[in-house]
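Visitor: Sharing a structure here in structure tokens format.
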Amino acid sequence: MFNEHQSGKMWSGRFRSPLDSEFEAWQRSIVFDWQLLAEEIAASKAHASVIAAAGILTVDELAHLRMALNEIAADHADAVGAAKVRDHGTAEDIHHFVELALTEKLGSLALKLHTGRSRNEQIATDLRLYVRKQISLTIAALKDWALALVDKAISSGDAVMPSYTHLQRAEPVLIAHWLLAYTQMLLRNITRLEDCVQRLNYCPLGSGAVAGATLQLDRWIAARELGFTAPTANSMDATSDRDFILEYLQALTFVGLHASRFAEEITLFATAEFNFVQLPEAFSTGSSAMPQKKNPDLTELIRAKVGRIHGAAAAVTLQLKGLPLAYNKDMQETQEPLFSVRGVAQMIGLLTRFTAALEFNTAKMREAAEQGFLNAMAAATYLVHKGVPFRKAHEKIGNAVRFALEKGVELNGLTREELRTFGEEFDADFYDAVSLEATLDCHDVIGGTARNRVHEALAEVEKRLRSQPREAVHAGA
């Protein structure tokens with residue numbers, strides 16, 4: 001007998017009793033997987049092409065289905081339409097919503113679309129399409145930020161700042177060299193995301209619920225239409241695999257970490273104690289109590305965002321741990337952590353505009369680079385060139401630093417006679433060897449802060465970024 005209690009469900013035939021109403025509301029995923037509408041439409045159109053090739057649909061039926069699916073996408077493309085999907089009173093999930101909407105438009109023809117497929121393969125496909133699109137957006141945003149860093153490095157010229165180890169002044173470097181350190185992080189982030197796409201870019205459609213489709217379907221049709229490399233190789237793996245979500249979230253954790261490190265340095269450098277940068281007012285706020293304040297809200301929030309990103313990766317790790325093959329309802333819980341990091345590309349976009357608006361107090365940064373014996377390493381290197389073993393040179397310069405501290409001068413403030421009390425190797429050319437420019441240029445190795453090396457590195461990174469397309473991965477059909 002037809003079950004009127006579950007007649008709106010896609011699985012109603014086997015059941016006699018209605019669902020507990022609270023459980024029914026609690027287990028619905030439409031409240032978050034509405035965000036997969038575009039992917040569900042694309043995958044459904046591809047599946048329609050596959051079953052048409054298998055003789056399930058006529059040419060006219062295929063055309064009607066694809067047209068109706070396009071209409072559903074257009075009907076819900078704006079915020080109002082998206083809210084109608086999210087707040088739908090009947091649909092269990094995004095697959096159910098599309099089937100209901102399609103039935104309203106096409107009647108019984110809509111019910112043919114589910115021939116030869118399962119929701120298990122649908123969600124696996126939708127999520128791959130979604131992650132691939134998000135990666136494309138994130139890569140584009142990372143390239144924009146990297147180019148903003150490059151532009152800022154170019155405009156800084158040969159301006160100098162202190163570098164730090166243990167948060168103590170170490171050696172002078174070009175501001176451009178410091179900025180280029182972050183571009184290297186971003187380039188690594190881009191390659192991680194591109195690697196993730198390489199592994200996820202296989203099409204689950206045709207995998208069925210667990211064992212593969214029961215019809216002779218040409219799986220390459222859907223794979224090609226959706227821009228996948230090939231069909232997945234194993235139906236059990238395809239329907240239960242969420243590695244790509246975890247890998248994506250782990251790659252985003254690096255993005256968050258690097259954004260947070262930059263944000264932390266800017267937050268420090270903007271303090272009165274450093275006074276290295278002027279915070280852009282467009283990205284800062286004031287205090288409701290203290291009229292003089294300009295607070296680094298953007299960098300503080302970015303510094304905090306890595307917690308959400310890493311938390312999402314940790315949550316998915318625990319959700320997948322110990323699951324038997326193949327599909328389990330637990331996998332529904334991987335979606336909310338995934339959707340929770342949707343704003344990463346926007347965050348990087350804000351950082352791009354923030355970076356472009358940053359102003360460096362180059363005079364203050366140079367002053368800091370010329371104080372605190374930051375040329376001590378160059379001084380030791382000077383003695384090495386005079387034939388002194390490095391350990392001895394280190395000791396001689398250390399003694400000279402201690403003497404200079406007591407006298408209240410820098411190394412180049414000591415007289416030649418005073419220097420020679422620490423070693424007869426000190427000569428008149430010592431002062432040129434420990435000038436700020438010479439201290440920079442003695443680091444004349446690949447990756448060093450010598451001015452010529454930084455200029456070369458800057459040109460190379462700029463060429464690399466500008467020669468690549470802004471979006472390096474396929475954004476989806």
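The values are calculated or read from the model by the stated rules, or taken from the named source; none is laboratory data. This one's a predicted model, so the numbers in the text were calculated from it and none came from an experiment. All Cβ positions, even for glycine, are placed from backbone atoms using ideal geometry, and neighbour counts span all protein chains on display. What goes into the accessible areas is simple: the full protein's heavy atoms, side chains included, and nothing from ligands, DNA or RNA. Shrake-Rupley method; radii C 1.70, N 1.55, O 1.52, S 1.80 Å.
Visitor: Identify, from the list A272, A282, the residue that is without any contact (Cβ under 8 Å) to a residue 12 or more places away in the chain and either surrounded by fewer than 17 Cβ atoms within 10 Å (Cβ to Cβ) or within 23 Å of the chain's Cα centre (by Cα) (or both). Full working, then the answer.
Guide: On the way: A282 fails: without any contact (Cβ under 8 Å) to a residue 12 or more places away in the chain.
So the residue among A272, A282 that is without any contact (Cβ under 8 Å) to a residue 12 or more places away in the chain and either surrounded by fewer than 17 Cβ atoms within 10 Å (Cβ to Cβ) or within 23 Å of the chain's Cα centre (by Cα) (or both) is A272.
Visitor: Is there any pair linking a residue in region 343-366 that is in contact (Cβ under 8 Å) with a residue 40 or more places away in the chain to one that is in a helix (DSSP H, G or I) and of a type in the set (V, I, T), with Cβ under 6 Å and at least six apart or on different chains, and which?
Guide: Taking only residues 6 or more apart or on different chains, the pairs are V344/T138; A345/T138.
Visitor: What is the residue count in region 140-162 for residues that are touching a Lys or Arg at 6+ places or on another chain (Cβ under 8 Å) and under 28 Å from G227 (Cα atoms)?
Guide: Qualifying residue count, region 140-162: 3.
Visitor: Given the criterion open to solvent by 60 Å² or more (accessible area, probe 1.4 Å) and among the aliphatic types (A, V, I, L, M), identify the matching residue among L320, L325, L374, L358.
Guide: Values: L320 fails: open to solvent by 60 Å² or more (accessible area, probe 1.4 Å); L374 fails: open to solvent by 60 Å² or more (accessible area, probe 1.4 Å); L358 fails: open to solvent by 60 Å² or more (accessible area, probe 1.4 Å).
None of the other options fit; the residue is L325.
Visitor: Also, I was wondering about something else. Identify the residue in region 414-425 that is open to solvent by less than 50 Å² (accessible area, probe 1.4 Å) and without any contact (Cβ under 8 Å) to a residue 24 or more places away in the chain and, among all such residues, is farthest from A379 (Cα to Cα).
Guide: Filtering region 414-425 for residues that are open to solvent by less than 50 Å² (accessible area, probe 1.4 Å) and without any contact (Cβ under 8 Å) to a residue 24 or more places away in the chain, the one farthest from A379 (Cα to Cα) comes out as E418.
Visitor: Considering only helices (runs of 4 or more DSSP H) fully contained in region 331-395, which possess at least 2 residues that are closer than 30 Å to D144 by Cβ and under 38 Å from the mean Cα position of the chain (by Cα)? Talk me through it step by step, then tell me what you get.
Guide: On the way: elements: 335-340, 344-357, 362-369, 376-385.
Once the helices (runs of 4 or more DSSP H) in region 331-395 are filtered for at least 2 residues that are closer than 30 Å to D144 by Cβ and under 38 Å from the mean Cα position of the chain (by Cα), what remains is 335-340, 344-357, 362-369.
So that you can scan it fast, the table gives a plain yes or no per residue for (1) touching a Gly at 6+ places or on another chain (Cβ under 6 Å); (2) open to solvent by less than 50 Å² (accessible area, probe 1.4 Å); (3) at pLDDT below 95; (4) farther than 25 Å from C203 by Cα:
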residue: I41; (1), (2), (3), (4): no, yes, no, no
residue: H47; (1), (2), (3), (4): no, yes, no, no
residue: I51; (1), (2), (3), (4): yes, yes, no, no
residue: L57; (1), (2), (3), (4): no, yes, no, no
residue: L65; (1), (2), (3), (4): no, yes, no, no
residue: E71; (1), (2), (3), (4): no, no, no, no
residue: D78; (1), (2), (3), (4): no, no, no, yes
residue: K84; (1), (2), (3), (4): no, no, no, yes
residue: E99; (1), (2), (3), (4): no, yes, no, no
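Visitor: Does L325 count as part of a loop (DSSP other than H, G, I, E, B) and of a type in the set (A, V, I, L, M)?
Guide: Working: part of a loop (DSSP other than H, G, I, E, B): yes; of a type in the set (A, V, I, L, M): yes.
Yes: the conditions hold for L325.
Visitor: Now, a different point. Does region 222-231 hold any residues that are open to solvent by less than 20 Å² (accessible area, probe 1.4 Å) and in a helix (DSSP H, G or I), and which are they?
Guide: Selection gives A222, A223.
Visitor: With the requirement that a residue be open to solvent by 10 Å² or more (accessible area, probe 1.4 Å) and at negative phi, what does region 109-122 give you? Before you say what the answer is, go through the steps one by one.
Guide: Initial filter on region 109-122 (open to solvent by 10 Å² or more (accessible area, probe 1.4 Å)): 109, 111-112, 114-120.
Listed by number, the residues that qualify are L109, L111, K112, H114, T115, R117, S118, R119, N120.
Visitor: OK, next. Would you pick out the residues in region 183-220 that are of a type in the set (S, T, Y) and open to solvent by less than 10 Å² (accessible area, probe 1.4 Å)? Explain how you work it out, then say what you get.
Guide: Quick first cut of region 183-220, residues of a type in the set (S, T, Y) only: 183, 191, 202, 207, 214.
Once the filter is applied, which keeps residues that are of a type in the set (S, T, Y) and open to solvent by less than 10 Å² (accessible area, probe 1.4 Å), region 183-220 yields T183, S207.
Visitor: Can you report the number of residues in region 232-247 which are open to solvent by 80 Å² or more (accessible area, probe 1.4 Å) and closer than 21 Å to K133 by Cα?
Guide: 1
Visitor: Out of all the residues in region 123-147, which are open to solvent by 10 Å² or more (accessible area, probe 1.4 Å) and either of a type in the set (F, W, Y) or under 26 Å from N361 (Cα atoms) (or both)?
Guide: The answer is D144, L147.
Visitor: Only one residue in P204, P172 is modelled with pLDDT of 95 or more, over 30 Å from Q371 (Cβ atoms) and over 18 Å from the mean Cα position of the chain (by Cα). Which one? Talk me through it step by step, then tell me what you get.
Guide: Values: P172 fails: over 30 Å from Q371 (Cβ atoms).
The match here is P204.
Visitor: Does region 171-182 hold any residues that are touching a residue at least 40 places away in the same chain (Cβ under 8 Å) and either open to solvent by 10 Å² or more (accessible area, probe 1.4 Å) or in a helix (DSSP H, G or I) (or both), and which are they?
Guide: Going residue by residue through region 171-182, those that are touching a residue at least 40 places away in the same chain (Cβ under 8 Å) are 171-177, 180, 182.
Once the filter is applied, which keeps residues that are touching a residue at least 40 places away in the same chain (Cβ under 8 Å) and either open to solvent by 10 Å² or more (accessible area, probe 1.4 Å) or in a helix (DSSP H, G or I) (or both), region 171-182 yields E171, V173, I175, A176, H177, L180, Y182.
Visitor: Okay, moving on. Pull out all pairs, ordered by first then second residue, where Cβ-Cβ is under 7 Å, the residues are six or more apart or on different chains, the first lies in region 70-84 and is outside any helix (DSSP H, G or I), and the second is among the charged types (D, E, K, R).
Guide: H76/K84
Visitor: Also: Cβ-Cβ below 8 Å, separation at least six or inter-chain, first residue in region 373-386 and more than 8 Å from A433 (Cβ to Cβ) and at pLDDT 95 or above, second part of a helix (DSSP H, G or I) and polar (S, T, N, Q): which pairs?
Guide: Qualifying pairs under 8 Å: L374/T439; N375/N412; N375/T439; M377/T439.
Visitor: Right, T103: free of Cβ contacts under 8 Å to residues at least 12 places away in the same chain and surrounded by fewer than 18 Cβ atoms within 10 Å (Cβ to Cβ) or not? Reasoning before the result, please.
Guide: Details: free of Cβ contacts under 8 Å to residues at least 12 places away in the same chain: yes; surrounded by fewer than 18 Cβ atoms within 10 Å (Cβ to Cβ): yes.
Answer is yes for this residue.
Visitor: On to the next question. Looking for something part of a loop (DSSP other than H, G, I, E, B) and closer than 17 Å to F354 by Cα - is there at least one such residue anywhere in region 292-299?
Guide: yes
Visitor: Looking at region 432-441, can you tell me whether even one residue there is surrounded by 12 or more Cβ atoms within 10 Å (Cβ to Cβ) and not in a helix (DSSP H, G or I)?
Guide: Within region 432-441, the subset surrounded by 12 or more Cβ atoms within 10 Å (Cβ to Cβ) is 433-441.
Those still in the list that are not in a helix (DSSP H, G or I) too: 434-435.
Yes, because at least one residue in region 432-441 is surrounded by 12 or more Cβ atoms within 10 Å (Cβ to Cβ) and not in a helix (DSSP H, G or I).
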